[in-house]
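K.L.:
Have a look at the structure that comes next, please.
What follows draws every value from the coordinates through simple rules; no lab data is involved. Since this is a predicted model, take the numbers as computed values, not measurements. Please note: Cβ atoms are built from the backbone with ideal geometry, for glycine as well, and neighbour counts cover all protein chains shown.
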Amino acid sequence: MLEGDLKALVDLWQEIRDPDRKIPRRSAFDPMRLRSRLAQVHLLEFDGPACLIYRLSGTAEVARLGEDPKGKDCFTLVDAAAGDYLRCNMHALLFHPTGVLVTTEEIYADGTRTPTRYVALPLRDEARQRDQVISIVAATAGRQPTGVLSPQPSERPWYDYVMTVEPVDLGWGVPAIPTYRR
């Protein structure tokens, strides 16, 4: 069940969608409609179905991550097993269309972690002929010490350890793609 910031993004997505289209146009999305939540938003763009590039990230996300992920492939910033699943399934899930709810633990190089949830929703940039994704992140708790067995990133400030990837029905059912769970 979605609530708070995650539900607000889904509600806005449903509102800007034309009745004759399953997926809203990027041009219909006004970021200022999420003014109080904009710092938690990411805009990503597919560069082929197996590569999802960060284009813009809100200031709270950049501060929490310790870097701006702009230009980086989202699928390389998660643990290997989840990255493989997302490369194979994320585009098909989103452009069914189905929302995607991801539960993660962001693991930091300083030995801490932050549990998070985010929802990702599809957009079409018709002017550039690109499939895009709007996402909003909600930390479910503050930074905490990691467990002894949690691998810590060595080449970057953080990575996402994905716990679950679940579809969010946007009105057209969900595709027959298995849910990812640890």
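K.L.:
Treating the angle as unsigned and between 0 and 90°, give the value, to the nearest 10°, between the Cα long axis of helix 4-16 and the longest Cα principal axis of the chain.
P.N.:
It is inclined by approximately 20 degrees.
K.L.:
Which whole-angstrom value gives the distance between the alpha carbon centres of the stretch 37-88 and the stretch 118-142?
P.N.:
Answer, in whole Å: 9.
K.L.:
Shifting gears a bit: Determine the dipole magnitude for the stretch 4-171: charges of +1 sit on the beta-carbon of Lys and Arg, -1 on that of Asp and Glu, nothing else is charged, the reference point is the Cα centre, and the result goes in debye to the nearest 20.
P.N.:
The dipole magnitude comes to about 360 debye.
K.L.:
Determine ³J(HN,Hα), in whole Hz, for all residues of the stretch 122-127 in sequence, where each value follows from phi through the Karplus function 6.51 cos²θ - 1.76 cosθ + 1.60 and θ = phi - 60°; x replaces Gly and Pro.
P.N.:
Karplus-based 3J(HN,Hα) across the stretch 122-127 equals x, 9, 10, 9, 5, 5 Hz.
K.L.:
With unit charges on the beta carbon (Lys/Arg positive, Asp/Glu negative), name the residue among Tyr85, Met163, Gln129 whose Cα is farthest towards the positive pole of the charge dipole of the stretch 4-171.
P.N.:
Toward the positive end, the furthest listed residue is Gln129.
K.L.:
For Gln152 and Arg181, what does the FRET efficiency come to when R0 = 22 Å and r is the distance between their Cβ atoms, rounded to the nearest 0.05?
P.N.:
Details: r = 23 Å, r/R0 = 1.05.
The formula returns an efficiency of 0.40 here.
K.L.:
Given H placed on each backbone N at 1.01 Å, which residues far from Ala50 in sequence or on other chains put an amide H within less than 5 Å of it?
P.N.:
When sequence neighbours closer than 5 places are left aside, there are no close amide H contacts.
K.L.:
Shifting gears a bit: Report, in degrees rounded to the nearest 10, the 0 to 90 angle that the Cα long axis of helix 80-94 makes with the longest principal axis of the chain.
P.N.:
Rounded to the nearest ten degrees, it is 10.
K.L.:
Whole number please: convex hull volume per residue of the Cα set in the chain, in Å³?
P.N.:
Numbers: hull volume 20.9 nm³, N = 182.
Once divided by residue count, the hull of the chain is 115 Å³.
K.L.:
Summing Lys, Arg as +1 and Asp, Glu as -1, what charge do residues with Cβ under 10 Å from the Cβ of Glu126 carry, Glu126 excluded? Numbers along the way, then the final one.
P.N.:
On the way: positive: Arg25, Arg26, Arg124, Arg128, Arg130; negative: Asp125.
Summing Lys and Arg as +1 and Asp and Glu as -1 gives +4.
K.L.:
Across every pair of different alpha-carbon atoms, what Kirkwood hydrodynamic radius in Å does the stretch 78-136 reach? Could you put the intermediate results ahead of the total?
P.N.:
Details: mean 1/r = 0.0768 Å⁻¹.
Hydrodynamic radius (Kirkwood, Cα pairs) of the stretch 78-136 is 13.0 Å.
K.L.:
So, one more: Excluding Asp5 itself, calculate the net charge of residues whose Cβ lies under 10 Å from the Cβ of Asp5, where each Lys or Arg counts +1 and each Asp or Glu counts -1. Write out the running numbers ahead of the final one.
P.N.:
Details: positive: Lys7, Arg37, Arg117; negative: Glu3.
Computed value for this residue: +2.
K.L.:
Over its Cα atoms, what ratio of radius of gyration to 2.2 N^0.38 Å does the stretch 1-94 give? Each step should come with its number before you reach the end.
P.N.:
Working: Rg = 14.3 Å, N = 94, 2.2 N^0.38 = 12.4 Å.
Dividing the Cα Rg of the stretch 1-94 by 2.2 N^0.38 Å gives 1.16.
K.L.:
Further question: Would you please put 131-144, 113-126 in order of how densely packed they are, using the mean number of other Cβ atoms within 10 angstrom per residue and starting with the highest?
P.N.:
Working: 131-144: 17.9, 113-126: 20.6.
Final packing ranking: 113-126, 131-144.
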